[in-house]
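In what follows, a single structure is set out as structure tokens and then discussed.
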């Protein structure tokens, strides 16, 4: 672990100011520590050796009180500064990560593991508090305070200075050496720990199965046995890795003891003064204290930096390169030429080479068994992923028109502005990702400036307007309600309305009727036909006969391949299958 | 009893070991204090220029305390960690045993989202309780008591004063810090929750936001909320910062007040001057030792959430209660008869008025749209959910039978067969004593033997999360083999072909029906094409029996069943037509009516 990750300075700019402030506060703290030792020792010496009375010494005690108060104030200020910059840095990281992950699109981390990314952005980043508030300031103090103390001690007693000067650098050295020696075993240890938690999770997830086979009770013993085995291997590792803190403590305490005994004996032989001896005795432990505290906060810091590191990995995932062209003439056909998609590290194509032209005013149905690549093809058309080979082009339907435009040349936002898109299971959300959204809000995701009339007309075209008119809330009905909410079929048609309200030039639908009953299916079929009649290029992934049979062209996508899932979650009320699905 | 206390009771089985760790740690801390005290005495004594020999004992003690502190601390860490790990295992076992009683129905609310994952992390977090909370606090108390007692003996006023400071450090400061942290968290929680809900919604809706060009709206809104989170945290930082200054304030208080009391005592001759250094420096060392306590106060705050969630699991009510005097089921296969059975999930009635009779050895199909209560029926038969009305095996009521005994007679093959993170052999054995030969036989019957033989490590192949990934079809066959090595006379097939593509599903169905010939079988499905092998069919809709009869009767009946069957056949016809099209190229659509449609 690097004590200070340079990427933290890059992504969380507020860190820079914080480090400067910490250094300044550290210098003042060091000065106060030395002053405090000086005052304390002279008070004691003045009373015991010089026989001063309370009245004479009282001012010095008062000043000493002031020094303590000032130190406390500085410590408080440092902590406040730490919390403040930590709050700012966390915001910077959260926002950068969220924006970048969304930029990477539904086939990026947002799609593959939304739960993990969400946890990282929300809770994970909080672990940085420990790093900012404890570790970083201590690290700065661990550099400044020993140096300041050594400089002060040189003028007082050379031998003690030498003892401290030799031992202090040994502490980080030993820590690094022992750290290097134990790192592999500690890493292994963390793996075992992860496996142990994994085993526990595996058993809990498999509990229904175990219970069905009457094996669930017996597993308690297995958990105990594995826990014991883990404990004994862990203790083996800890015996070694705790050595680093042993070395640290030993060095720190033994050197303080050596300094104390040496000044004590020299004092007895009248080789040094009482006040210097006491001053050094009070000062010496202070030189080691910040180093010890750094070690104590190491764990909290590692956790925070680990979370930051995972964020940096996300932030450094390159976004797909997009074109800049924004003008897209009307009346273009969509040409798919030998388009092939293969995901990294997969042996087979997600989409085997596919070729077709979808003319404006026609309906193209993509058919074939699941896993054949239909959804991948749509994702490529949407610009969510870059094809492995082949091209998607926009060509002029009338011969002799403009040059074909390659999809890769287009500005993604300008391209998507022309598309109406209905995924298999649409996520009906508001533009600000507000989870509570009304029907109107959900449709306005497609077109923010849409008037109520435009929304009603899109809903009418999608064949769901009549049902919404019967709801008490009409357009203001919330999309998600725990019980008695909208049906899956209604939600699917609202998603279609969301696409239609954009007056799209291209309409891409992924199994739009999968969850619909006969009546709603007819409505969707009509809407699709109407869009085509207006000159839309319509491409539908279709399973059901009703949609396949209205197509002008059918493309069979058939290769075996990997199935992808876009980042969508089911809408609507939880039903009982969701509850039972949990169990088995 | 508070959740934290319960957590401690579950973890503190190793009382002797923990006490030893506390003692070792206390002595280590005591060494730290004694080191500075003795050193101060040594120097104060030396300032009177005595013969060096009189200082030898003190010099030796100083070095001994230095060594003692380091080695005692090392020993404490080892003993403490060992005890903590033992406690953790104990806690894990207890949580597991509780979950075992809840599974599968009572687990429902824990399996949503990452709650289960979180529970596992919560259990791991309990390690902090002994290591970062109880042991440090116990040690701090120990060393404080000894130091205060020593100073009280030396100079009662100083002892009393330090006692007050110690109480502040041990109890008041952690309380205040805990309270401010809690306050800040309470203030921040709603804003953070709002932010989290935006983040989660945005990530799940990433495709929808991108497709509609609305990412910017979301990031703008997240920014606005985040600004308020940061603003609130910054305001709270003034209160949270007191943690940083507390130790220094207490140190200053202890040292300065000690001087105020001790200096007049020296001047008036009540104590020898040589003790002044000791009296002044001991508080310095003591408060250094106590400085870790705010950290354990924070750890305590963090652990509270975990402890509450664990307590939530431990307090969940049992979904079914085993009878006190369970009836024993006979060894002979028995008929199943349900009459007027109804069941509900929490408060939602899911099944009502279900009646049917199934003669041993026959096959009944339960069909219906999703959400019609089919899986609930299976849960009742397996003894996982309580029901009203009657469900009997032979003449014995299912609710009167002990769960384990019941499941010796009836088993289920479900949608998601859990594949454990271990070898194929162990996945089939599940810890039962089963010969390898029997495993191979079951694999043959499940038609998975050839596939396993083709693997380099055969039965010893690791599967599951960390092992080889296997397809849904193979997983279901593995689950079938798991059943076949120790079969039960009655088996419920709860949509085992769900989530599989139709070819794989058909192959698997064939294998299952072959292997399960002669068993009393209840087939739960929403696909009707495989039902010709069922003796009887009941159609469930909205939790009630909608239609019943043989496949032939229902097909002729014109109800939901007939409609659904026609639609499935239409699908098949269209797909047969499609299968003749070229792959990967556009083809004109066949604008012709389909045969038989």
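The values are calculated or read from the model by the stated rules, or taken from the named source; none is laboratory data. All figures in this text were calculated on a predicted structure; none of them were measured in a lab. For neighbour counting, all protein chains shown are included, and Cβ atoms are generated from backbone atoms with ideal geometry for every residue, glycine included.
So residue B:46 clears everything in (1) crowded, with 23+ Cβ neighbours inside 10 Å; (2) more than 7 Å from chain A (Cβ to nearest Cβ) except one condition, right? Which one?
Status for residue B:46: all satisfied but (2).
Determine whether residue B:83 is under 17 Å from residue A:278 (Cβ atoms) and either surrounded by fewer than 19 Cβ atoms within 10 Å (Cβ to Cβ) or more than 7 Å from chain A (Cβ to nearest Cβ) (or both).
Against the criterion (under 17 Å from residue A:278 (Cβ atoms) and either surrounded by fewer than 19 Cβ atoms within 10 Å (Cβ to Cβ) or more than 7 Å from chain A (Cβ to nearest Cβ) (or both)), residue B:83 does not qualify.
Restricting to segment B:517-543, name every residue that is over 12 Å from residue B:367 (Cβ atoms) and touching a strand residue (DSSP E or B) at 6+ places or on another chain (Cβ under 6 Å).
The answer is B:519, B:520, B:521, B:535, B:543.
Quick one: in segment B:252-292, which of the residues that are surrounded by 22 or more Cβ atoms within 10 Å (Cβ to Cβ) and under 30 Å from residue B:183 (Cα atoms) is nearest to the other protein chains (Cβ to nearest Cβ)?
Among those that are surrounded by 22 or more Cβ atoms within 10 Å (Cβ to Cβ) and under 30 Å from residue B:183 (Cα atoms), it is B:252.
Out of curiosity, is residue A:481 at pLDDT below 70 and more than 12 Å from every other protein chain (Cβ to nearest Cβ)?
Here the answer is yes, as residue A:481 does meet what is asked.
Let me confirm something: among A:301, A:268, A:287, which residue is more than 10 Å from chain B (Cβ to nearest Cβ), crowded, with 19+ Cβ neighbours inside 10 Å and at pLDDT 85 or above?
Exactly one of A:301, A:268, A:287 is more than 10 Å from chain B (Cβ to nearest Cβ), crowded, with 19+ Cβ neighbours inside 10 Å and at pLDDT 85 or above, namely A:287.
Yes/no per residue for (1) within 14 Å of another protein chain (Cβ to nearest Cβ); (2) crowded, with 24+ Cβ neighbours inside 10 Å; (3) in contact with a helix residue (DSSP H, G or I) (Cβ under 7 Å, 6 or more places away or on another chain); (4) at pLDDT below 85:
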{"residue": "A:118", "(1), (2), (3), (4)": "yes, yes, yes, yes"}
{"residue": "A:124", "(1), (2), (3), (4)": "yes, no, yes, yes"}
{"residue": "A:133", "(1), (2), (3), (4)": "yes, yes, yes, yes"}
{"residue": "A:141", "(1), (2), (3), (4)": "yes, yes, yes, no"}
{"residue": "A:147", "(1), (2), (3), (4)": "no, no, no, no"}
{"residue": "A:151", "(1), (2), (3), (4)": "no, no, no, no"}
{"residue": "A:156", "(1), (2), (3), (4)": "yes, no, yes, no"}
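Which condition number in (1) within 9 Å of chain A (Cβ to nearest Cβ); (2) not in a loop (DSSP other than H, G, I, E, B) is the one that residue B:61 fails?
(1)
At least 1 residues that are more than 10 Å from every other protein chain (Cβ to nearest Cβ) and surrounded by fewer than 24 Cβ atoms within 10 Å (Cβ to Cβ) in each: list the strands (runs of 3 or more DSSP E) lying fully within segment A:323-388 that qualify.
Answer list for segment A:323-388: A:332-341.
So for segment B:269-287 (the condition being free of Cβ contacts under 8 Å to residues at least 12 places away in the same chain and either closer than 30 Å to residue B:391 by Cα or assigned to a helix (DSSP H, G or I) (or both)), does at least one residue qualify? Can you show your working first?
In the first step, residues of segment B:269-287 are kept if they are free of Cβ contacts under 8 Å to residues at least 12 places away in the same chain; the result is B:269, B:272.
In the following step, the residues that additionally are either closer than 30 Å to residue B:391 by Cα or assigned to a helix (DSSP H, G or I) (or both) were identified as none.
No; the residues of segment B:269-287 include none that is free of Cβ contacts under 8 Å to residues at least 12 places away in the same chain and either closer than 30 Å to residue B:391 by Cα or assigned to a helix (DSSP H, G or I) (or both).
Which of the helices (runs of 4 or more DSSP H) found entirely inside segment A:437-480 contain at least 3 residues meeting this: more than 40 Å from the chain's Cα centre (by Cα)?
Details: elements: A:439-444, A:452-461, A:465-469.
Output list reads A:452-461, A:465-469.
Answer yes if at least one residue in segment A:89-101 is at the interface with another protein chain (Cβ under 8 Å from one of its Cβ atoms), in contact (Cβ under 8 Å) with a residue 60 or more places away in the chain and within 30 Å of residue A:424 (Cβ to Cβ), and no otherwise.
Within segment A:89-101, one or more residues are at the interface with another protein chain (Cβ under 8 Å from one of its Cβ atoms), in contact (Cβ under 8 Å) with a residue 60 or more places away in the chain and within 30 Å of residue A:424 (Cβ to Cβ).
Taking residue B:202, is it assigned by TED's automatic domain parsing to the domain that holds residue B:224 and either surrounded by fewer than 19 Cβ atoms within 10 Å (Cβ to Cβ) or over 30 Å from residue B:19 (Cα atoms) (or both)? Let's see the steps before the verdict.
Working: assigned by TED's automatic domain parsing to the domain that holds residue B:224: yes; either surrounded by fewer than 19 Cβ atoms within 10 Å (Cβ to Cβ) or over 30 Å from residue B:19 (Cα atoms) (or both): yes.
The answer is yes for residue B:202.
Among the residues of segment B:351-371, write down those that are facing chain A (nearest Cβ under 10 Å) and buried (at least 24 other Cβ atoms within 10 Å of the Cβ).
B:351
Is it the case, given these coordinates, that residue B:240 is surrounded by 20 or more Cβ atoms within 10 Å (Cβ to Cβ), closer than 30 Å to residue B:283 by Cβ and at pLDDT below 85?
Considered against the rule, which asks whether it is surrounded by 20 or more Cβ atoms within 10 Å (Cβ to Cβ), closer than 30 Å to residue B:283 by Cβ and at pLDDT below 85, residue B:240 comes out as yes.
Between a residue in segment B:233-251 that is more than 7 Å from every other protein chain (Cβ to nearest Cβ) and any residue that is part of a helix (DSSP H, G or I) and modelled with pLDDT under 80, which pairs come within a Cβ distance under 7 Å, given they are 6 or more apart or on different chains?
Qualifying pairs under 7 Å: B:246/B:294.
Taking segment B:308-335 as the region of interest, how many residues are under 30 Å from residue B:360 (Cα atoms) and in a loop (DSSP other than H, G, I, E, B)?
In the first step, residues of segment B:308-335 are kept if they are under 30 Å from residue B:360 (Cα atoms); the result is B:319-335.
With in a loop (DSSP other than H, G, I, E, B) added as a condition, the list becomes B:319-326, B:328-335.
Residues meeting the conditions: 16.
With facing chain B (nearest Cβ under 7 Å), modelled with pLDDT under 90, over 35 Å from the mean Cα position of the chain (by Cα) and not in a loop (DSSP other than H, G, I, E, B) as the only criterion, which of A:238, A:251, A:246 stands out?
Exactly one of A:238, A:251, A:246 is facing chain B (nearest Cβ under 7 Å), modelled with pLDDT under 90, over 35 Å from the mean Cα position of the chain (by Cα) and not in a loop (DSSP other than H, G, I, E, B), namely A:246.
Of the residues B:516, B:554, B:540, which single one is surrounded by 17 or more Cβ atoms within 10 Å (Cβ to Cβ) and closer than 22 Å to residue B:473 by Cα?
Exactly one residue qualifies, and that residue is B:516.
Mind checking whether some residue in segment A:107-115 is under 19 Å from residue B:227 (Cα atoms), touching a helix residue (DSSP H, G or I) at 6+ places or on another chain (Cβ under 6 Å) and within 7 Å of chain B (Cβ to nearest Cβ)?
For segment A:107-115, residues under 19 Å from residue B:227 (Cα atoms), touching a helix residue (DSSP H, G or I) at 6+ places or on another chain (Cβ under 6 Å) and within 7 Å of chain B (Cβ to nearest Cβ): absent.
Select, from B:165, B:158, the only residue that is more than 7 Å from every other protein chain (Cβ to nearest Cβ), in contact with a helix residue (DSSP H, G or I) (Cβ under 6 Å, 6 or more places away or on another chain) and either within 25 Å of residue A:79 (Cα to Cα) or surrounded by fewer than 16 Cβ atoms within 10 Å (Cβ to Cβ) (or both).
Among B:165, B:158, only B:165 is more than 7 Å from every other protein chain (Cβ to nearest Cβ), in contact with a helix residue (DSSP H, G or I) (Cβ under 6 Å, 6 or more places away or on another chain) and either within 25 Å of residue A:79 (Cα to Cα) or surrounded by fewer than 16 Cβ atoms within 10 Å (Cβ to Cβ) (or both).
Going by what's in this entry, would residue B:143 be described as surrounded by 18 or more Cβ atoms within 10 Å (Cβ to Cβ), within 14 Å of chain A (Cβ to nearest Cβ), within 30 Å of residue B:262 (Cα to Cα) and modelled with pLDDT of 90 or more?
In short, no.
Of the conditions (1) outside the structural domain of residue B:143 (by TED's automatic domain parsing); (2) touching a helix residue (DSSP H, G or I) at 6+ places or on another chain (Cβ under 6 Å), residue B:303 satisfies every one except a single condition; which number is it?
Unmet condition: (1).
Condition first: facing another protein chain (nearest Cβ under 7 Å), without any contact (Cβ under 8 Å) to a residue 60 or more places away in the chain and under 42 Å from the mean Cα position of the chain (by Cα). Can you find one or more residues in segment B:18-38 that meet it?
no
Could you look through segment B:402-441, keep only residues that are facing chain A (nearest Cβ under 7 Å) and in contact with a strand residue (DSSP E or B) (Cβ under 7 Å, 6 or more places away or on another chain), and pick out the one that is farthest from residue B:486 (Cα to Cα)?
The selected residue is B:414.
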